[in-house]
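Everything on this sheet refers to the single structure shown next.
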Amino acid sequence: MDKKFIISGSPHIYAKDNVQRIMLDVVIALIPATLGAFYFFGLGAVRVFFVSVVTCLIFEYLIQKFLLKQKPTINDLSAIVTGMLLAFNVPSNLPTWVVIIGSLIAIGIGKMVFGGLGQNLFNPALVARVFLLISFPVYMTSWPKPIASAGQLSDVVTGPTPLGILKESGSISAASQTGELPSYVDMMLGNMGGSMGEVSAILLLIGAIYLLYRKVITLHIPLSYILTVIIFTGIFWLIDPTKYADPLFHLLTGGLILGAFFMATDMVTSPTSYRGQIIFGIGCGVLTALIRLFGAYPEGVSFSILIMNAFVPLIDRISYKHFGEVKA
Amino acid sequence: MLKTFPKGGVHPDDCKLTAKSPIFVATLPDKVYIMLNQSAGAPAVPIVKKGDKVKTGQLIAKGEAFISSNVHSPVTGTIDKIDPILDATGYKHQAIIINVEGEDTWEEGIDITNNLIKEIKATPQEIIEKIKNAGIVGLGGAAFPTHVKLTIPQGKVAEYLLINGAECEPYLTCDHRLMLEKPEEILVGTSIIMKALGVHRAFIGIENNKLDAIELLTKLAKDYNGIEVVTLKKKYPQGAEKQLIKAITGREVPSGKLPIEVGCVVQNVGTAKAIYDAVQKNMPLIERVVTVTGPNVSKPSNFLSRIGIPLKHLIELAGGLPEDTAKLISGGPMMGKTLSNTDIPLTKAMGGILLFPYNLSKRLDPYPCIRCGRCVHACPMGLEPFYLEKLVIKERWEDAEKHWIIDCMECGSCQYICPAKRPLLDYIRLGKNKVSAIIRSRKN
């Protein structure tokens, strides 16, 4: 028999999941909150969303093709995820040219300088967000009012975020006297000022449940992150409930849920072991609470995750247990 | 709660096409090819020459080295020649080629009846001696000489015997069918090993996708002292030695050590049956159960086949080689070795012949690692396959050693689960070779 057979190492079978499918799952999980953003912030959100996604894809393609001279890999969908998350993390009235700069930073500095997909140390969308926040603080902190601004592409009515009101007022009792704080139900639904994708806790959680069901993420990072924020802010709230906001306020406002379920869980920039993920989540939680309670910025999710991203290689090295190690 | 190992593991589809196919005795071809390297260690030394007449069960090559094993003629016939032939390793090795001449004429002293002999007359020393003479090797796939494995090193004490009936590899059913069709022989074989080791407790571990075998053996085991059947969760690699020990006894074999370190000895169910044959019936190891299967194989089957039968003969019996076969695998799809052609003969270590069509044989293009960590969670040894891959690519051998690359047992779980389809195990194997060489050179 002169039939030739393929010689290869084992294993000879493979699980069905692949990188595109994982990225597609993240895209699917972000759709409810995307639709929510379109509803609350209207045309402005649609504009920012599509500009961000399309320019991320274009920049990835151009950089890979002409700068790195690689085979472009935009079909792995990771640039779409970055584009969506970048859009989620900016106000819906951000000028188009600023969004484009954000995309360039996210893909160029956040991802490609490190060597592309899988190599970056920091979450690309957050790198871009923080870059924009520092470079264009006015644009990045003018928050359109939901619903009211839905029909406008620009020149919208703006107002502060709940966390901004809290930081400005100095204490929760003073903040509530301004009468600008949304109700908890509105916070839950997303009817408040903020980055376009972070406002609706409920729609983000629907997406998160889908990711958990698809096993793209586990609860280790989000739960340890959120619990740490709840415990940390809860302690201060118990000490002085007139000065500090309660944990539910901290949970529902700002980017905590978006950050905990969709940004901190970014596989590339988080630890691989469950133990490491819990350390990472706790670290993010402590930093977020510290920045929110004592920092100069009202919100600390982006900074916390970026800072913890830098610790991932260290966390990875200390946090896994090897079989047969105990008694060896 | 079903017992299982705590860390890692994957759940590939079962694909046990032959779970309900009774063991079928394979016919003999005109020629058989008996490899002299049937076991791990040194090859056996032939004691016959061209033209010699041999009987079935007659010793034809002796395992003279410490780690080596005897080889017997599986047929009655004439020695055609002793020549190197291509074998499962991909290289040529010495084989005794025998022309088969008619019905079996059995070597004297071998009991070929089916009578079950429960009473164990042999002393522990005699048992080990008989196992050695019968050329028994581990039939789970490693083919380590059984008499060596059953000789407990000085200063160590065996406490438990574990009989491995997990058969966690997809497609393979040889152990499953053997447990259903020869349960008493396996139980007596288990008792024999217990006597040889001087242990009073034995566990037969079976995955819960073989409930019929669990039920049957549990019922029959009541008549045997100290043998307990343990139901294991279906999870790959449940049948890996260290994982099986952890699942059943809760003990963790330290890195780089053997199971005896925690008082355990593990034997495959097929080996237990072979030990029964050797000790109670004087029957040398000349045949084994082998599953010939694959998605497009027309008659996937379990064969009781004599050692040395060319695989193409067995494949013909299973309905012939499917047109689009692109991979010929000895063993299961997770750890099996690919073979270059179907002329290769059956050896003692082969429990499965798997034929994969082209669409299952082609590897997908690898993507960059996205650090999803699935390989880390799948690794039953608690290693970080994605990191080891990077260390090997960067040729950082010392770091690879520090990260326990040597402990990888090549179960393939990491590469199976990787969504980026990276050839993790290829790199880890390369790294293991390099690091082992470095460790050896350091000792010299």
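The values are calculated or read from the model by the stated rules, or taken from the named source; none is laboratory data. The shown structure was predicted, so the numbers you read here are calculated from the model rather than taken from an experiment. Using ideal geometry, Cβ is built from the backbone for each residue, glycine included, and neighbour counts are taken over all protein chains shown.
Overview of values
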quantity	calculated
Hits in region B:351-375 - residues which are closer than 26 Å to B:SER255 by Cβ and within 26 Å of the chain's Cα centre (by Cα)	B:CYS375
Options A:PHE261, A:PHE232, A:PHE249: the member that is in a helix (DSSP H, G or I), closer than 25 Å to B:ALA420 by Cα and not small (Gly, Ala, Ser)	A:PHE261
Leading residue by the ranking (nearest to A:ALA148 (Cα to Cα)) among those in region A:28-67 that are hydroxyl-bearing (Ser, Thr, Tyr) and crowded, with 20+ Cβ neighbours inside 10 Å	A:THR34
Odd one out for A:THR73, checked against (1) surrounded by fewer than 22 Cβ atoms within 10 Å (Cβ to Cβ); (2) more than 13 Å from chain B (Cβ to nearest Cβ); (3) of a type in the set (Ser, Thr, Tyr)	(2)
Positions within region A:58-92 being within 21 Å of the chain's Cα centre (by Cα) and free of Cβ contacts under 8 Å to residues at least 60 places away in the same chain, in sequence order	A:PHE59, A:GLU60, A:ILE74, A:ASP76, A:LEU77, A:SER78, A:ALA79, A:ILE80, A:VAL81, A:THR82, A:GLY83, A:LEU86
Whichever residue in region A:163-214 is out of contact with any Lys or Arg (no Cβ under 8 Å at 6 or more places or on another chain) and among the β-branched types (Val, Ile, Thr) and, among such residues, is nearest to A:GLY83 (Cα to Cα)	A:VAL199
So B:GLY336, is it on the phi > 0 side of the Ramachandran plot, surrounded by 19 or more Cβ atoms within 10 Å (Cβ to Cβ) and under 24 Å from the mean Cα position of the chain (by Cα)	no
Contacts under 8 angstrom Cβ, first residue in region A:216-230 being free of Cβ contacts under 8 Å to residues at least 60 places away in the same chain, partner of a type in the set (Val, Ile, Thr), 6 or more apart	A:ILE217/A:THR265; A:PRO222/A:THR265; A:ILE226/A:ILE257
Criterion (more than 15 Å from the chain's Cα centre (by Cα) and not small (Gly, Ala, Ser)) met by exactly one of A:LEU306, A:LEU293	A:LEU293
Residues of region B:393-444 classified as of a type in the set (A, V, I, L, M, F, W, C) and without any contact (Cβ under 8 Å) to a residue 12 or more places away in the chain, total	1
Some residue of region A:293-305 being part of a helix (DSSP H, G or I), more than 10 Å from chain B (Cβ to nearest Cβ), out of contact with any strand residue (DSSP E or B) (no Cβ under 9 Å at 6 or more places or on another chain) and closer than 20 Å to B:GLY373 by Cβ	yes
Residue selected from region A:120-138 under the condition assigned to a loop (DSSP other than H, G, I, E, B) and either of a type in the set (Asp, Glu) or touching a residue at least 60 places away in the same chain (Cβ under 8 Å) (or both), by the criterion surrounded by the most Cβ atoms within 10 Å (Cβ to Cβ)	A:ASN123
Qualifying residue in region B:231-240 (condition: in a helix (DSSP H, G or I) and either within 16 Å of the chain's Cα centre (by Cα) or in the same structural domain as B:GLU126 (by TED's automatic domain parsing) (or both))	no
Check on A:THR55, assigned to a helix (DSSP H, G or I), more than 11 Å from chain B (Cβ to nearest Cβ), closer than 30 Å to A:GLY194 by Cα and more than 15 Å from the chain's Cα centre (by Cα)	yes
Answer residue from region A:1-38, given it is under 20 Å from B:GLY373 (Cβ atoms) and under 16 Å from the mean Cα position of the chain (by Cα) and is farthest from the other protein chains (Cβ to nearest Cβ) among those	A:ALA29
Condition met for A:LEU181 (under 16 Å from the mean Cα position of the chain (by Cα) and of a type in the set (A, V, I, L, M))	no
Listing of helices (runs of 4 or more DSSP H) fully contained in region B:375-443 that carry 3 or more residues being more than 10 Å from chain A (Cβ to nearest Cβ) and of a type in the set (D, E, K, R)	B:397-402, B:424-443
Whichever residue in region B:1-14 is buried (at least 20 other Cβ atoms within 10 Å of the Cβ) and either hydrophobic (A, V, I, L, M, F, W, C) or not assigned by TED's automatic domain parsing to the domain that holds B:TYR171 (or both) and, among such residues, is nearest to B:LYS233 (Cα to Cα)	B:PHE5
Residues of region B:1-48 classified as more than 22 Å from B:ILE309 (Cβ to Cβ) and not in a loop (DSSP other than H, G, I, E, B), total	3
Test: residue in region B:421-443 that is buried (at least 17 other Cβ atoms within 10 Å of the Cβ), outside the structural domain of B:LEU314 (by TED's automatic domain parsing) and of a type in the set (S, T, N, Q)	no
Residue selected from region B:242-261 under the condition surrounded by fewer than 22 Cβ atoms within 10 Å (Cβ to Cβ) and assigned to a helix (DSSP H, G or I), by the criterion nearest to the other protein chains (Cβ to nearest Cβ)	B:GLU261
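Yes/no per residue for (1) closer than 22 Å to B:GLY308 by Cα; (2) in contact (Cβ under 8 Å) with a residue 40 or more places away in the chain:
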| site | (1), (2) |
| --- | --- |
| B:GLY57 | yes, yes |
| B:GLU64 | yes, no |
| B:ASP83 | yes, no |
| B:TYR91 | yes, no |
| B:ILE96 | yes, yes |
| B:GLY102 | yes, no |
| B:ILE117 | no, yes |
| B:LYS121 | no, no |
